[in-house]
Amino acid sequence: MVAELPDTFKLNGRYNKSQTAKILGISRTSLDKYISLGEIRADLNRRTNKLYFKGVAIMKFFNS
């Protein structure tokens with residue numbers, strides 16, 4: 001994991017899996033593991049059926 005979040009990170013932003021993994025400095029596989037363990041919350045875009053992460057959820061995971 002990275003020591004700090006990037007300057008471009010926004011608490012009210014929405015990020016896809018690749019962006020979230022990059023922000024946290026982990027692989028997408030590790031991100032999937034954390035999702036399944038319930039350690040980070042992912043939301044589902046009903047229109048595209050793709051997962052996204054709110055900036056608040058990323059910050060909560062990062063600080064835990």
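The values are calculated or read from the model by the stated rules, or taken from the named source; none is laboratory data. Just so it is clear, the structure is predicted and the values come from calculations on it, not from any experiment. Ideal geometry is used to build each Cβ from the backbone, glycine not excepted, and the neighbour counts take in all protein chains shown. What goes into the accessible areas is simple: the full protein's heavy atoms, side chains included, and nothing from ligands, DNA or RNA. Shrake-Rupley method; radii C 1.70, N 1.55, O 1.52, S 1.80 Å.
Annotations
- Taking trypsin sites (Lys or Arg not before Pro) in DSSP loop states with no more than 16 other Cβ atoms inside 10 Å as exposed sites, the chain has its longest site-free stretch at 11-40.
- For the chain, the fraction of alpha-carbon pairs in successive 5 Å shells from zero, as %: 4, 18, 33, 28, 12, 4, 1
- Extended-chain gain in nm, criterion 0.36 nm per residue less alpha-carbon gap, Arg28 and Thr8: 5.2 nm
- Solvent-accessible area per residue in the chain equals 73 Å², computed with a 1.4 angstrom probe and all protein chains kept.
- Per residue, the chain reaches -11500 deg cm²/dmol at 222 nm when only DSSP H runs of four or more residues are counted, each adding -39500 (n - 2.57).
- Taking only protein heavy atoms and a 1.4 Å probe, the accessible area of the chain is 48% carbon and sulfur.
- Dipole in debye (nearest 20) - the chain, about Cα centre, beta carbon charges: Lys, Arg +1; Asp, Glu -1: 360 debye
- Approximate spin-label separation Met1-Glu39, in nm, with each point projected 7 Å along Cα-to-Cβ: 0.7 nm
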